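Asks: I have a structure here, written as structure tokens, and I will follow up with some questions on it.
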Amino acid sequence: IYLEGDTVEIQNNSLNADGKGTGDGGEIFVTVRSRQQPLSFANGSDMPKLFARSGLEGGNGGKVVIQGGGDVRVDSTHVHVEARGEDGGDGGYISVTAGSTEQTAFFVEERQSGALTINGNLNASGKGAIGYGGTVKLQAYGRPASGGGGPIGSFALVAGSEAESDGQIQLNGSILANGGAEAAGGFIDIHAQTSRSGGNVLSTQASVQLGDETKSYAIRADGGILGGSVDIYSNGKIYLNATTVSASATEDGNGGNINVRLDAAPVGDDGGGVAVAAFAANFTANFTAQASEDSAAVANASFRANGMGTGNGGQVNLLASDGSIQIHTEPQGSILATSENGEGGTIKVEAGKELGITGSISASGGSRGGVINLNSGGNLNVGTVGTFLRADSVQDGDGGEVNISATQDITIQSSTVSARAHTVGKAGKIEISSLSGNLESKAVLTASQIGSAGNAGTVKIIVPNGTVFVEGIRADAKGTGEGGAYFHRSRLYPHRCGR
């Protein structure tokens, strides 16, 4: 199905390109060239749908491509390109673009801006054991009022705009690109960006927002043998109100990758120097376990890149180079890159300004503990009572690493910070450093060997210009191994240890 014009009006309740029998899903292309004409799929309670699914007996999902010259709005709509046959099939491809780009005769890209709003589910999951997860790419291009027009990358969910109306992505629904038990998860990209300012100081309100506080949704690219990939980017703000962001393995396989990245808006150079971005970037994630009609709630809200069986944990990267990060979960909520029998994964949370995390963080593994890196350019506050930070080895293998650093004060509310070895193996390392602030930890810092054989690890605290209070420090070996080491450096004040 191909619809293209300066304006496109769809009066029917749905566009259907489903396959029959064992056939693959078809293709739906809808293109509006005019920037002045918004593209909207909305029909009140009639629930219009865009379907390019496989046949009921087999085949792969199809393709849905929506291109608007300006704003794009998909209301009360479910977009499905999943495979449906019992014999299995791969998920399809979804692309939604707000705004457009054209090359002039002088090879200069001319950019139209647009905002993207989707109220409904996006489903590109595979079917059956061998069905691979598909791809969800939602795009919206933008430019500031001064023109400019920096280079455009191949983004997934990209939004930018005029200075009067900065690019915003609003998604009220779940995104699914799951694979089967013997397949990999798919790819989900969410990207909000305002282009270069042409030398003027740029203040942007570009943002990505998933859901609100009244409903919970999920972003999932899980797979049996390999977790998929979830990428979220903005150079303005990111608000996530979701139950789960997941790229985990569900059978015997490695976890995938979750990358959430927040940058300052790129600015141009007018010959007199580089302009300064004049805004505060923020990344806020509020997770609840509230059920909704459109997503299955889970008890523990999480970022998850877990491995299963002998597979290794994946990677979770939450980065805000020039902004702050606040992640609020329920007490059992967590950031996970764990493995039952394989190696723990890597978790990196880095903020240029304040960093706050409630809930637990774990990169524990069966054969080896993973790595947790928390870094703040301002104050750092992590955990609540009953939560933990763990990079343990829970079977035969070495413990991992927990590294916490901040420019200013560090406050740890968690009950436990550990890099232990539970059976045979060497315990890992815990290092905490503050450049100019204080350290207060209500957690016992534990790099112990608690099994039958193996050496204890190390605990290192560097607070050269402040006070140190920790509830306790343990670097002991219970079996035949040697005890570990504790290093402390404080130029101004001695440390106090609770016990």
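Asks: Give the ranking of Glu431, Glu440, Glu182 by solvent-accessible surface, highest area first, calculated with a 1.4 Å probe. Intermediate results must be reported in sequence, preceding the final value.
Replies: On the way: Glu431 50, Glu440 85, Glu182 115 Å².
Ranked from most to least accessible, the order is Glu182, Glu440, Glu431.
Asks: Which net charge results for the neighbourhood of Asn379, defined as the other residues with beta-carbon distances under 15 angstrom from its beta-carbon, given Lys and Arg at +1 and Asp and Glu at -1?
Replies: -3
Asks: Which order do you get for Phe487, Phe51 if you rank them by accessible area with a 1.4 Å probe, largest at the top?
Replies: Phe487, Phe51
Asks: Under 5 Å between amide H atoms, partner at least 5 residues away or on a different chain: which partners does Gly369 have, H built in plane at 1.01 Å?
Replies: Gly344, Ser393, Asp398, Gly399, Gly400
Asks: Per the 1.4 Å probe, what fraction of the accessible area of the range 354-482, in percent, lies on carbon and sulfur atoms?
Replies: C and S fraction of accessible area: 46 percent.
Asks: Ignoring ligands, DNA and RNA, how do His328, His80 rank by accessible area with a 1.4 Å probe, largest first? Spell out each step's value before the answer.
Replies: Numbers: His328 75, His80 30 Å².
Of His328, His80, the descending order of accessible area is His328, His80.
Asks: Leaving out ligands, DNA and RNA but keeping every protein chain, what accessible area does Lys137 have, in Å² rounded to the nearest 10, with a 1.4 Å probe?
Replies: 70 Å²
Asks: Here is a follow-up. Please work out how much accessible surface Asp396 shows to a 1.4 Å probe, ignoring ligands, DNA and RNA, in Å² rounded to 10.
Replies: 100 Å²
Asks: Using the basic label-point model (7 angstrom from Cα toward the beta carbon), what is the His488 to Ala181 distance in nanometres?
Replies: Going by the 7 Å Cα→Cβ label model, 5.4 nm.
Asks: Let me ask something else about it. Order these peptides, 303-313, 416-426, by their mean beta-carbon neighbour count within 10 angstrom, highest first.
Replies: Answer by packing, highest mean first, reads 303-313, 416-426.
Asks: Gly352's amide H: which non-local residues (gap 5+, or another chain) put their own amide H closer than 5 Å, with H modeled 1.01 Å from N in plane and none for Pro or chain starts?
Replies: Ala320, Ser321, Asp322, Gly323, Gly377
Asks: Another one. Listed here are the pairs Lys353/Lys460; Lys426/Lys460; Lys237/Lys442; Lys237/Lys353; Lys426/Lys478; which of them are more than 22 Å apart at the Cα? Let's see the in-between values first.
Replies: Numbers: Lys353/Lys460 24 Å; Lys426/Lys460 16 Å; Lys237/Lys442 32 Å; Lys237/Lys353 14 Å; Lys426/Lys478 12 Å.
Pairs exceeding 22 Å: Lys353/Lys460; Lys237/Lys442.
The values are calculated or read from the model by the stated rules, or taken from the named source; none is laboratory data. Just so you know, these numbers come straight off a predicted model, no measurement behind them. Because the Cβ atoms are built from the backbone with ideal geometry, glycine has one as well, and the counts that use them run over all protein chains shown. Accessible surface is based on the protein model in full, side chains and every heavy atom, while ligands, DNA and RNA are left aside. Shrake-Rupley method; radii C 1.70, N 1.55, O 1.52, S 1.80 Å.
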